[in-house]
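Student: Structure provided below as structure tokens; questions to follow.
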Amino acid sequence: MNLKSHLFDRIRVKSKFREAPRPDQARCQRPGCSEAGEFRAPMGRFREGQYFCFCLDHVREYNAAYNYFNDMSAEAMALYQRDALVGHRPTWSMGVNRGAKSFREDGDDPSRTGDPLGMFQTNIRRNFSEGASKPRYGLAALNALYELGLDDSVDMAMIKARYKDLVKRLHPDANAGDRSNEDKLREIIRAYNYLNSVKHV
């Protein structure tokens, strides 16, 4: 292609015509410029979402000199760029069980399971510390203990002592033949026999 061809002599280029800014339109924010501020340019770091309004010439000039990382150290810039890969959100490696990691670091302590909110700490400690010494009662055993006026923290020796005390107080022979407590006595005997038959009490 010959750029010195006579065909190029006939091409005319219109001169750039700039309209005067409308009264409701923003003006260019460059001092001394009266053009329309049609183009937005970011204000910079720590002012995200805020923009300057410039005319075309001044927005080009501003963008040519714009540097988001101005006054940042190389380490801070690298850290920002690394965090930008994940949208500045916290991330964890795939397949890593952080709770198991803290459990291994703390040794074989079962109460340390990596519970960051501490929601399960008390239950785990109670179950591990009291599991061997404190028996677990079923609903029927708890009802039988309630009949004897006891809670689930008692052992068989205390149950037997309470049973003997109640039988002595409620038996008709101890009350001059009064049979008004006979039904209550039957319930206590039934509850004691059930608790005595349960192996883990």
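Student: Quick one: is residue 82 in a loop (DSSP other than H, G, I, E, B) and either at pLDDT 75 or above or among the aliphatic types (A, V, I, L, M) (or both)? First the steps, then the outcome.
Tutor: Numbers: in a loop (DSSP other than H, G, I, E, B): no; either at pLDDT 75 or above or among the aliphatic types (A, V, I, L, M) (or both): yes.
For residue 82, the condition - in a loop (DSSP other than H, G, I, E, B) and either at pLDDT 75 or above or among the aliphatic types (A, V, I, L, M) (or both) - is not met.
Every residue, every condition in (1) modelled with pLDDT under 75; (2) outside the structural domain of residue 59 (by TED's automatic domain parsing), yes or no:
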residue: 9; (1), (2): no, yes
residue: 13; (1), (2): yes, yes
residue: 18; (1), (2): yes, yes
residue: 31; (1), (2): no, no
residue: 36; (1), (2): no, no
residue: 39; (1), (2): no, no
residue: 42; (1), (2): no, no
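Student: Among the residues of segment 144-192, write down those that are of a type in the set (S, T, N, Q) and under 50 Å from the mean Cα position of the chain (by Cα).
Tutor: Matches in segment 144-192: 153 only.
Student: Name the residues in segment 168-201 that are among the acidic types (Asp, Glu), in contact with a helix residue (DSSP H, G or I) (Cβ under 7 Å, 6 or more places away or on another chain) and modelled with pLDDT under 85, would you? Break it down stepwise before answering.
Tutor: If we filter segment 168-201 for residues that are among the acidic types (Asp, Glu), which is where we start, we get 173, 178, 182-183, 187.
Subset that is in contact with a helix residue (DSSP H, G or I) (Cβ under 7 Å, 6 or more places away or on another chain): 178, 182, 187.
Passing the criteria: only 178.
The values are calculated or read from the model by the stated rules, or taken from the named source; none is laboratory data. What you see is a predicted model; the values in this text were computed from it and never measured. Quick reminder, even Gly has a Cβ in these numbers, built from the backbone with ideal geometry, and neighbours come from all protein chains shown.
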